[in-house]
Ligand code: SF4
């Protein structure tokens with residue numbers, strides 16, 4: 001970027017920050033009274049500040065979901081510094097920064113849209129020894145040097161990624177190093193997954209002072225389940241941590257692993273009412289995945305439970321002031337699987353760049369190549385070209401819903417297994433069971449997709465693509481003349497059906513060039 005553009009860019013950011021700051025001041029004065037007024041007023045500015053109609057769409061959605069509307073109002077009742085930092089970083093950097101990067105010219109230059117978030121595991125060490133976890137097999141020597149964590153964030157910001165998810169291991173074992181680093185990158189958001197045991201009063205004070213850290217407390221349900229998996233007394237520590245965060249007005253949430261055995265608990269209003277009262281703002285639901293030390297297909301939720309969970313999640317969001325998200329059932333809202341850098345990727349403590357947090361395979365290490373070069377790697381490019389892995393966006397996953405996709409891509413690009421558990425089993429020994437699971441999940445969810453998600457199907461058709469969002473792929477469809485250039489580097493892209501029409505167009509252009517004597 002030239003100096004002139006950089007100055008303009010900075011000035012625009014400052015102006016937007018100033019405007020947003022005013023709005024936030026106005027809402028926090030009296031959130032219940034002022035929230036709707038501020039949204040109505042902001043809608044009038046959306047084309048000036050974002051160049052899109054996203055705010056209008058957002059406002060309509062808020063009005064239709066009273067639970068979500070109240071959730072947002074409650075957000076403005078948190079600590080004022082935390083609220084201000086969240087909204088300015090989230091709206092200006094995380095979203096506008098990302099949109100700005102993903103302009104046609106940058107996609108054309110690199111062939112990909114920047115990841116919306118980058119997951120980093122600075123350590124795999126942990127002070128607990130939970131059932132099924134293999135963190136105890138890692139030592140301090142396996143930690144990622146803090147300078148490398150800094151470099152990943154700096155490289156990410158250069159391509160428009162301002163949202164970092166930090167996990168492990170237990171990230172807070174390295175809080176003394178992470179705290180100054182997060183302070184340095186105070187224009188970004190940091191969501192930190194934690195077992196909660198390190199959130200003392202002092203750490204909670206520091207999180208409040210930073211304003212850009214959002215802890216996600218891991219639990220397994222109520223006290224009995226959590227202590228059974230994590231050790232006696234751990235649930236009580238989680239609750240203490242929640243109390244400390246609530247007292248300081250910090251935005252935080254929790255995460256649950258959805259298994260075949262805890263469906264009833266995770267679909268009870270009582271659980272979320274409890275966490276709303278505890279001050280949590282969101283819960284992330286992760287499906288139990290057959291990765292880790294003892295991968296078990298039989299613990300994965302049944303297809304009928306996945307369907308029922310989707311209904312429950314959507315209903316809870318509409319009814320309660322709480323944001324519950326199930327990454328698989330909510331996949332239609334992001335166009336399916338987001339791995340491979342399409343919207344996110346994971347860099348493990350040893351520097352291996354994995355397509356997602358559950359796909360423990362890699363072809364590259366960030367210690368040897370830049371982030372941009374790794375995003376351009378054939379392995380990640382192939383995954384992005386293949387997305388969505390299914391026309392049914394309720395079955396997005398290349399590990400469990402469409403397991404042949406992962407097997408093929410790992411074999412084709414000679415990706416290596418990157419953990420000390422037994423995750424390579426998903427492409428070997430567990431393949432027959434996963435194929436069976438996949439058959440059953442499609443049987444259950446394909447009719448649901450076709451009858452209950454007609455609006456999503458219509459939207460996809462309107463975009464002129466047989467796939468979800470696929471910014472990268474849409475770009476190639478709209479720029480057929482680039483196909484051959486890219487195919488020299490990535491010959492496998494020519495195998496994709498969706499490129500056939502573009503290839504025909506490109507051939508016509510070539511012929512026209514020849515006819516014109518160029
Ligand atoms: S591979 Fe599965 S778990 Fe990973 S991002 Fe895609 S849908 Fe999610």
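No lab work stands behind these numbers, since they all come straight from the coordinates. All of these numbers come straight from a predicted model, not from anything done at the bench. Please note: Cβ atoms are built from the backbone with ideal geometry, for glycine as well, and neighbour counts cover all protein chains shown.
How high is the relative contact order of the chain, in percent, counting Cα pairs under 8 Å that sit 6 or more residues apart?
14 percent
Distances over 26 Å make up what percent of all Cα-Cα pairs in the range 220-349? Could the numbers behind the result be given before it?
Values: 2324 of 8385 pairs.
Value for the range 220-349: 28 percent of Cα pairs lie more than 26 Å apart.
Write down, largest first, the equivalent ellipsoid semi-axes of the range 256-329 in whole Å, where each equals the square root of 5 times an eigenvalue of the alpha-carbon gyration tensor.
Details: eigenvalues 104, 35, 20 Å².
Equivalent ellipsoid semi-axes, largest first: 23, 13, 10 Å.
For the range 367-451, just say rounded, prolate or oblate: build the C-alpha gyration tensor, square-root its eigenvalues into a ≥ b ≥ c, call rounded for a/c under 1.5, and beyond that prolate if a/b exceeds b/c, oblate if not.
Values: a/c = 2.95, a/b = 1.51, b/c = 1.95.
Cα axes put the range 367-451 in the oblate bin.
Given labels modelled 7 Å from the Cα in the Cβ direction, how far is it in nm from residue 443 to residue 243?
Label-label distance for residue 443 and residue 243, simple model: 5.0 nm.
If Rh is defined by the Kirkwood formula over all Cα pairs and Rg also comes from Cα, what ratio Rg/Rh do you get for the range 288-387?
Working: Rg = 16.4 Å, Rh = 15.6 Å.
A ratio of 1.05.
Taking 0.36 nm per intervening residue step and subtracting the Cα-Cα distance, what contour gain separates residue 151 from residue 504 on full extension? Walk me through the numbers before you get to the answer.
Details: separation 353, 0.36 × 353 = 127.08 nm, distance 4.21 nm.
Taking residue 151 through residue 504 to full extension adds about 122.9 nm, to one decimal.
If a paramagnetic tag sat 7 Å from the Cα of residue 224 along the Cα-Cβ line, which residues of the range 248-273 would have the backbone N under 17 Å from that point?
Taking a point 7 Å out along Cα→Cβ of residue 224, the residues of the range 248-273 whose backbone N falls under 17 Å are 259-268, 270-271.
I want the antiparallel fraction of DSSP beta bridges within the chain, as a percent rounded to 5. Don't jump to the answer; show the numbers that get you there.
On the way: 6 of 35 bridges.
Roughly 15 percent of the DSSP beta bridges within the chain come out antiparallel.
At what distance in angstrom do the alpha carbon centres of the range 321-336 and the range 204-253 lie from each other?
First find each Cα centre; the distance between them is then 23 Å.
Would the range 227-275 count as rounded, prolate or oblate if I go by the C-alpha gyration tensor, calling it rounded below 1.5 in a/c and otherwise prolate when a/b exceeds b/c, oblate otherwise?
On the way: a/c = 2.49, a/b = 1.41, b/c = 1.77.
Oblate, since a/c reaches 1.5 and b/c is not below a/b.
I need the calculated FRET efficiency for the pair residue 38 and residue 278, taking r as the beta carbon distance and R₀ as 22 Å, to the nearest 0.05. Mind dumping the intermediate values first?
On the way: r = 28 Å, r/R0 = 1.25.
Efficiency, rounded to the nearest 0.05: 0.20.
For the chain, which semi-axes, largest first and in whole Å, follow from the square roots of 5 times the eigenvalues of its Cα gyration tensor? Walk me through the numbers before you get to the answer.
Numbers: eigenvalues 234, 173, 120 Å².
Here the semi-axes work out to 34, 29, 24 Å.
Relative to 2.2 N^0.38 Å, what does the C-alpha radius of gyration of the range 62-104 come to as a ratio? Two decimals please.
Working: Rg = 13.4 Å, N = 43, 2.2 N^0.38 = 9.2 Å.
In units of the globular-protein estimate, the range 62-104 measures up at 1.45.
Going by how many other beta carbons lie within 10 Å of each one, how would you line up 337, 356, 130, fewest first? Write out the running numbers ahead of the final one.
Values: 337 31, 356 23, 130 18.
So the residues, fewest neighbours to most, are 130, 356, 337.
Please report the antiparallel percentage of the DSSP beta bridges confined to the range 268-414, to the nearest 5. If you can, show how the numbers build up before the last one.
Numbers: 4 of 8 bridges.
Here the share of antiparallel DSSP bridges comes out near 50 percent.
Defining a contact as two alpha carbons under 8 Å apart and six or more residues distant in sequence, what relative contact order in percent does the range 21-164 show? Don't skip to the answer; put the middle values down first.
Working: 112 pairs, mean separation 31.5, N = 144.
Relative contact order for the range 21-164 comes out at 22 percent.
Given R₀ = 45 Å, FRET efficiency for residue 236-residue 435 by Cβ-Cβ distance, to 0.05? Write down the numbers at each step before the final one.
Details: r = 43 Å, r/R0 = 0.94.
My answer for the efficiency is 0.60.
Given a Förster radius of 41 Å and the C-beta distance between residue 57 and residue 368 as r, what FRET efficiency does 1/(1 + (r/R0)^6) yield to the nearest 0.05?
Numbers: r = 42 Å, r/R0 = 1.02.
For residue 57 and residue 368, the calculated efficiency is 0.45.
Show me the ranking of peptides 231-244, 440-453 by mean Cβ neighbours inside 10 Å, starting with the highest.
Descending mean neighbour count gives 231-244, 440-453.
In whole percent, what relative contact order does the range 198-296 give with Cα contacts below 8 Å and a gap of six or more residues? Walk me through the intermediate numbers first.
On the way: 109 pairs, mean separation 29.8, N = 99.
Normalised by residue count, the contact order of the range 198-296 is 30 percent.
Quick check: from the Cα gyration tensor, does the range 142-204 come out rounded (a/c under 1.5), prolate or oblate?
Details: a/c = 1.92, a/b = 1.60, b/c = 1.20.
Verdict is prolate for the range 142-204.
Find how much the distance from residue 127 to residue 110 grows on full extension, using 0.36 nm per residue of separation minus their present alpha carbon separation; answer in nm with one decimal.
Residue separation times 0.36 nm, minus the Cα-Cα distance, leaves 2.0 nm.
Distance in nm between label sites at residue 183 and residue 311, each 7 Å beyond Cα in the beta-carbon direction?
5.2 nm
So what's Rg/Rh here for the range 381-422, counting alpha carbon atoms and using the Kirkwood radius for Rh? Each step should come with its number before you reach the end.
Numbers: Rg = 11.3 Å, Rh = 11.2 Å.
Radius of gyration relative to Kirkwood radius: 1.01.
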